[in-house]
Amino acid sequence: MNKSYWNKYYSKKKGLDEPSSFAVHVCNLMTQGEAILELGCGNGRDSFFFANNGFQVYALDQSEIVINQIKKENINPMFICKDILSIEENFPYTINHGYARFVLHALSKIEADKAIEMMSRILPPNGLFFTESRSIKSNLYGTGDFLGHDIYSTDHKRRFIHKKDLIHQLESNGFTIESVMESDGLAIYKDDDPVVIRINARKNSNIL
């Protein structure tokens, strides 16, 4: 994970944006009062959206710059400056669901696999893990410097994801895929309309 890049990025980016369309989608799949762990919260736009809609939010990001910008005294959302791969198995807060938007493709394959394993450990049985990531079918795939393993660098590094590989990794860690979508039109930002993979995965009830 390129911590220095994200610190520089967020030092120049001020204010909150509207929630992502993925957050709006996910909000309709949870019950008010439930707690959600967000990996890689960035400027907190989805974190605040979830909190304002009645969910307890624990939002993690490795960038101390952005966490210091958005962290407040109130406990919801609770912003935590932490590398997501260093979350211990005995995570101190009770959560119902996990959320990772545009995070897994910012990690190496090994790091992403570890993040999924970690989420499987700390989610309760029947907890949902919501992910949205750039697909190898994205318009940016093949653009910039090729760094190997489906990773290309333009303004920063992105690892483009194979849908079948992500599904396999989730299922290997005790998740059942409830829905999957691979399409453009889901994560439009300015002139960028990438093909993304959206997955709702539920932790199997027989796994503690």
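The values are calculated or read from the model by the stated rules, or taken from the named source; none is laboratory data. Please read all numbers here as calculations on a predicted model, not as lab measurements. Heads up, the Cβs are rebuilt from the backbone with ideal geometry, glycines too, and the neighbour counts pull from every protein chain shown.
So the values come out like this:
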quantity	calculated
Count of segment 82-117 residues which are touching a Phe, Trp or Tyr at 6+ places or on another chain (Cβ under 9 Å) and exposed (fewer than 14 other Cβ atoms within 10 Å of the Cβ)	1
Among the candidates Ser47, Ser120, residue that is over 18 Å from Ala201 (Cβ atoms), of a type in the set (Ser, Thr, Tyr), crowded, with 19+ Cβ neighbours inside 10 Å and under 17 Å from the mean Cα position of the chain (by Cα)	Ser47
Per-region count, segment 175-208, residues within 14 Å of Ser133 (Cα to Cα) and among the polar types (S, T, N, Q)	2
Residue ID - farthest from Ile122 (Cα to Cα), chosen from residues in segment 173-191 that are outside any loop (DSSP other than H, G, I, E, B) and without any contact (Cβ under 8 Å) to a residue 24 or more places away in the chain	Tyr189
Members of segment 50-81 that are without any contact (Cβ under 8 Å) to a residue 40 or more places away in the chain, assigned to a loop (DSSP other than H, G, I, E, B) and surrounded by 14 or more Cβ atoms within 10 Å (Cβ to Cβ)	Asn53, Phe55, Lys71, Asn76, Pro77
Qualifying residue in segment 133-153 (condition: within 19 Å of Ala106 (Cα to Cα), at pLDDT 95 or above, assigned to a strand (DSSP E or B) and aliphatic (A, V, I, L, M))	no
Unmet requirement for Arg121, which otherwise passes all of (1) outside any loop (DSSP other than H, G, I, E, B); (2) touching a strand residue (DSSP E or B) at 6+ places or on another chain (Cβ under 9 Å)	(2)
Considering residues of segment 154-166 that are touching a Phe, Trp or Tyr at 6+ places or on another chain (Cβ under 9 Å) and not in a strand (DSSP E or B) only, the residue farthest from Leu104 (Cα to Cα)	Asp155
Test: residue in segment 26-36 that is buried (at least 16 other Cβ atoms within 10 Å of the Cβ), under 16 Å from the mean Cα position of the chain (by Cα) and modelled with pLDDT under 95	no
Phe130 of a type in the set (Phe, Trp, Tyr) and under 30 Å from Glu34 (Cβ atoms)	yes
Index of the failed condition, Phe160 passing every other in (1) touching a residue at least 60 places away in the same chain (Cβ under 8 Å); (2) over 22 Å from Val24 (Cβ atoms)	(1)
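Matching residues to (1) of a type in the set (Phe, Trp, Tyr); (2) surrounded by 20 or more Cβ atoms within 10 Å (Cβ to Cβ):
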{"position": "Phe146", "(1), (2)": "yes, no"}
{"position": "Arg158", "(1), (2)": "no, yes"}
{"position": "Thr176", "(1), (2)": "no, no"}
{"position": "Leu186", "(1), (2)": "no, no"}
{"position": "Ala201", "(1), (2)": "no, yes"}
